[in-house]
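FYI, it's all coordinate maths here, none of it is from the lab. Note that the structure is predicted; figures quoted are calculated from it, not measured. All Cβ positions, even for glycine, are placed from backbone atoms using ideal geometry, and neighbour counts span all protein chains on display.
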Amino acid sequence: MDIEKFMQALSAKHPNENEYLQAVREVLTTINDIYSEHPEFEKAKIAERLIEPDRIFTFKVPWVDDQGNVQVNIGYRVQFNNAIGPYKGGLRFHPSVNLSIMKFLGFEQIFKNALTTLPLGGAKGGSDFNPKGKSDAEVMRFCQAFMTELWRYIGPETDVPAGDIGVGAREIGYLYGMYRKLAHENTGVLTGKSIEFGGSLIRPEATGFGALYFVREMLKKAGMDIQGKTVAISGFGNVAWGAALKASQMGAKVVSISGPDGYVYDENGISGEKIDYMLELRASCNDIVSPYAEKFGVPFIPNRRPWELKVDIALPCATQNELNAEDASNLINNKVLCVAEVSNMGCTPEAIDLFIKNKIMYAPGKAVNAGGVSVSGLEMTQNAMHITWTAEEVDKQLHQIMNKIHEQCVSFGKEKDGTINYLKGANVAGFMKVAKAMLAQGIV
Ligand code: 2IT
C-alpha cells in the first residue's frame, strides 16, 4: 500500500486529528510488508475498514456544580472495532480530551486488546470534564449525567468501559451506580469496579505490574537482569504507582516520578512508604508532585521531565507524546538500555525512530501496558461466572498473559540481525489477529 497516498486521503477527511493520524500512520507503516503479502487483505479493504471507527457517539453532559451554576461538557464513546469481542476500553476525563484523542486511543486499543489473547474489541471514551479540584458531589453529579446518556450504547456483551486518566474507582463507582439504576440490571458492564460489587483483585495494580513483567522479559531476552537497574518513571497516578511498586519489588531502583509541575529526583530510590505516599499525593487532587520533594527532602526540578536523568530504564507513565526526540537523544547519550511506554503512545514518532536507529530496546504502549485491559478482561470473566478469584490467581494469569504478549512481539518482530523490533512485532501480531477475524466474517 502507498502509505503517503493513504495518509493524504485520510488527513483530507479528518484534518487536525493529529493524534489519530499519528497512530494510524505508525500501525500502517509497520504492517505494510505483511499487508502486501496478503492480497486478500487489499481486496477486502481491511486497512480502509480498520481505520474508520464502527461508530462514534458524542453527547452533551449538563450538570450543576456546588455553587448552583450549570456546567456543560462533551461526552464521547468511540466504538472502533468488535471483530474479536465486545468493544472494550477506558474512559478518560481530562480537559485535553477531544475527538482526535478519543480516536487514537480507540484505534490503539484494537491491537492492544488483540494481543491480550482475550476476546476483546477496541473502544475508548471520555469527556473534557476535569475531575481535579472538584468535590465528590460534583464528580458524582457529572458521572450520573454522563451515564444517563452513555448507558443506551453499552452492555456486558456489547461495550464494556473502564477507567483511564481521571477515571478511577470513585468515578467507576458513580458511573456503575447510575447504570445499574437505569438498566435495572447488575452485570459486569464496567470494569475497574470496587471489590465489593464485582471488581477484580489486582486490577488497580495490573497496568504497572504487567508493564514490569514485560520489561523483565525484554531484559531477559537480551541477557540482562532487572535487579539493580535504575528506572526513571514519569507521572504519579495509578499507572506510575503500580510500575514503581513492582519495579522496587523486583530489586530495581526508581529514581523519579513527575507531574505537570516538574519531576522529583530521589537518588536513594522510591520504595516502601514513599510509594504509599504516591497514593496520598494522587488523592489530594492538586495535580502537583512537588510535595513529595518537600516531604522526603529530595530535589525537585520544576518544569522539566525526568528523561534528562542517567538511567538504565525509562518508563513513560503519564500521557501521549510525553517523550520527544530531544528526550530520546538525552536518554541515548546517557546509555539507556530499555524504553518501555506504559502510557498510550508515550513517545513521539521522532523519538521512536531514534531508539530504533540506535538499537535501543523500545516497546510500545499497546504491548507494555496491556496488563490493565487484560485484568479488565479477567474481571469480565469473573462477573460472567459470578465468582471471585484470589489475588494470586489473577496475578498468575496476568503474568502468563504478559509473557504471551512478549512472545508474540518476539515472533513477529525479530529482525535479521537477531534484535527484536517490538513496535513492529506488537503491531503485526495485533493486526493479523483482527484482520483474519474481519476476513472470516465478511463485509460487515
Ligand atoms: O488504555 C487502557 O488500556 C485502559 N485505560 C484500560 C482499559 C480497560 O478496559 O481496562
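Please tell me if K335 is away from the ligand (no atom under 16 Å from the Cβ) and at positive phi.
Yes; evaluated as a whole, the condition is true for this residue.
Considering region 115-130 alone, what residues qualify as being away from the ligand (no atom under 16 Å from the Cβ), in contact (Cβ under 8 Å) with a residue 40 or more places away in the chain and surrounded by fewer than 24 Cβ atoms within 10 Å (Cβ to Cβ)?
Selection gives D128 alone.
So the check is Cβ under 8 Å with 6+ separation or different chains; which pairs have a first residue in region 255-280 that's farther than 24 Å from G228 by Cβ and a second one that's crowded, with 20+ Cβ neighbours inside 10 Å and aliphatic (A, V, I, L, M)?
Final answer for the pair search is G259/V289; D261/V289; G262/V289.
List the number of the failed condition for N303; all other conditions in (1) within 16 Å of the ligand (Cβ to nearest atom); (2) polar (S, T, N, Q); (3) at positive phi hold.
Evaluating N303 over (1) within 16 Å of the ligand (Cβ to nearest atom); (2) polar (S, T, N, Q); (3) at positive phi leaves (1) as the failure.
Spot the failing condition for K43; the list is (1) without any contact (Cβ under 8 Å) to a residue 40 or more places away in the chain; (2) charged (D, E, K, R); (3) within 16 Å of the ligand (Cβ to nearest atom), and only one is missed.
Every condition holds for K43 apart from (3).
Of the residues Y362, Y292, only one is in contact with a helix residue (DSSP H, G or I) (Cβ under 8 Å, 6 or more places away or on another chain) and without any contact (Cβ under 8 Å) to a residue 60 or more places away in the chain; which?
Step by step, each of Y362, Y292 is checked, and only Y292 is in contact with a helix residue (DSSP H, G or I) (Cβ under 8 Å, 6 or more places away or on another chain) and without any contact (Cβ under 8 Å) to a residue 60 or more places away in the chain.
Those residues that are within 15 Å of the ligand (Cβ to nearest atom) and buried (at least 16 other Cβ atoms within 10 Å of the Cβ), I need them from region 180-200; list them, please.
G188, V189, L190, T191, G192, K193, G198, G199, S200
Consider T148 carefully, then state whether it is within 11 Å of the ligand (Cβ to nearest atom) and over 17 Å from T319 (Cα atoms).
No; evaluated as a whole, the condition is false for this residue.
On the basis of being crowded, with 22+ Cβ neighbours inside 10 Å and either in a helix (DSSP H, G or I) or in contact with a strand residue (DSSP E or B) (Cβ under 9 Å, 6 or more places away or on another chain) (or both), does A384 make the cut?
no
Would you check which residues across region 201-221 are among the aromatic types (F, W, Y) and either more than 14 Å from the ligand (Cβ to nearest atom) or farther than 13 Å from M402 by Cβ (or both) and list them?
Y213
Determine the pairs where a residue that is without any contact (Cβ under 8 Å) to a residue 60 or more places away in the chain and away from the ligand (no atom under 11 Å from the Cβ), located within region 100-114, has a partner that is assigned to a helix (DSSP H, G or I) and hydroxyl-bearing (S, T, Y) with Cβ atoms under 9 Å apart, the partner being 6 or more residues away or on another chain.
Hits for this filter: M102/Y20.
So, in region 194-215, exactly how many residues are basic (K, R) and in contact with a His (Cβ under 9 Å, 6 or more places away or on another chain)?
0
Out of (1) assigned to a loop (DSSP other than H, G, I, E, B); (2) more than 11 Å from the ligand (Cβ to nearest atom); (3) crowded, with 18+ Cβ neighbours inside 10 Å, the odd one out for G133 is which?
(3)
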